[in-house]
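Reviewing the structure listed below.
The values are calculated or read from the model by the stated rules, or taken from the named source; none is laboratory data. Just so it is clear, the structure is predicted and the values come from calculations on it, not from any experiment. Here the Cβ positions follow ideal geometry from the backbone for every residue, glycine too, while neighbour counts run over all protein chains shown.
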Amino acid sequence: MGTLNTIIAEIEQVIGKIDEKQIDAFANEILASSRVFVTGEGRSGLMAKAFAMRLMHLGLIVYVVGETTTPALQGSDALVAVSGSGTTAETVHSAQQAKELDCTIFVVTTNSASTLAKLATHTLIIPAATKWRRAGEIATQQPLGSLFDQGSHIALDAVCLDIANQKHISNEAARERHTNVE
């Protein structure tokens, strides 16, 4: 099996184990939020930023935690926190702050028993391998948390597709919100 086929097979294994009800609930609750803030560190943070970009294309008000133009979080807002382990200190801290403000907290993680997941209003479990290679994780040939990152990206794109379908947003409508200062 070639390298690409290995990666695709691993991704299919993860995606096949994601609970679609979590995707639907995630989309519905995101739509009910006034504003969406995303956070994560490293590659998980990049997956969160990709999700934020797509939500913006779909017409939602969205911010990335830590950016200079990010406003204060308020109780009617939602925080989406992405961490494979569910223990990343900065991500957990953001979720703790959101909890104190009574925000809705969405957690994307592999670990439903993690510190981060315990703070969640809603979880989206990505049953993938992390850099820690804990017992019960799906085996992978890829380094570190690549499989979690890939599974997160696809699952969050599924949330976006659900939102686009609910809001009847076409590709053309999304493209109108795409940056024009490149």
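Inspect region 157-164 for any residue being touching a strand residue (DSSP E or B) at 6+ places or on another chain (Cβ under 9 Å) and β-branched (V, I, T) and give the result as yes or no.
There is at least one residue in region 157-164 that is touching a strand residue (DSSP E or B) at 6+ places or on another chain (Cβ under 9 Å) and β-branched (V, I, T).
Checking the conditions here, which among I8, I23 is outside any loop (DSSP other than H, G, I, E, B) and more than 16 Å from the chain's Cα centre (by Cα)?
When all the criteria are applied, what remains is I8.
Tell me, yes or no, whether region 46-53 has at least one residue that is assigned to a helix (DSSP H, G or I), in contact (Cβ under 8 Å) with a residue 24 or more places away in the chain, basic (K, R) and closer than 29 Å to T179 by Cα.
no
Scan (1) at pLDDT 90 or above; (2) in contact with a Pro (Cβ under 7 Å, 6 or more places away or on another chain); (3) of a type in the set (V, I, T) for the single condition T87 breaks and write down its number.
T87 satisfies all of (1) at pLDDT 90 or above; (2) in contact with a Pro (Cβ under 7 Å, 6 or more places away or on another chain); (3) of a type in the set (V, I, T) except (2).
Of a type in the set (S, T, N, Q) and touching a residue at least 60 places away in the same chain (Cβ under 8 Å) - does that describe any residue in region 67-84?
Checking region 67-84: not a single residue is of a type in the set (S, T, N, Q) and touching a residue at least 60 places away in the same chain (Cβ under 8 Å).
Among the residues of region 139-159, write down those that are in a loop (DSSP other than H, G, I, E, B) and surrounded by fewer than 17 Cβ atoms within 10 Å (Cβ to Cβ).
Passing the criteria: A139, Q141, P143, L144.
Any idea which of A174, A98, A120 is touching a residue at least 24 places away in the same chain (Cβ under 8 Å) and within 14 Å of the chain's Cα centre (by Cα)?
Exactly one residue qualifies, and that residue is A120.
Which pairs turn up if I take residues in region 148-166 that are within 13 Å of R54 (Cα to Cα) and look for partners that are surrounded by fewer than 22 Cβ atoms within 10 Å (Cβ to Cβ) and among the aromatic types (F, W, Y) with beta carbon separation below 8 Å, at least 6 apart in sequence or on another chain?
Sorted first by the residue in region 148-166, then by its partner, the list stays empty.
Can you tell me which residue among K21, K17 is closer than 21 Å to P127 by Cβ and without any contact (Cβ under 8 Å) to a residue 60 or more places away in the chain?
Testing whether each residue is closer than 21 Å to P127 by Cβ and without any contact (Cβ under 8 Å) to a residue 60 or more places away in the chain leaves just K21.
Only one of A27, A98 is small (G, A, S), under 21 Å from I169 (Cα atoms) and surrounded by 15 or more Cβ atoms within 10 Å (Cβ to Cβ). Can you tell me which?
The conditions single out A27.
Exactly one of (1) without any contact (Cβ under 8 Å) to a residue 24 or more places away in the chain; (2) in a helix (DSSP H, G or I) is unmet by G136. Its number?
Every listed condition holds for G136 apart from (2).
I'm trying to understand the selection: among the residues of region 138-175, which are among the charged types (D, E, K, R) and either in contact with a Phe, Trp or Tyr (Cβ under 9 Å, 6 or more places away or on another chain) or within 23 Å of L79 (Cβ to Cβ) (or both)?
Listed by number, the residues that qualify are D149, D157, D162, K167.
Given the structure, is T130 closer than 22 Å to S94 by Cα, among the polar types (S, T, N, Q) and modelled with pLDDT under 85?
So T130 fits the description; yes.
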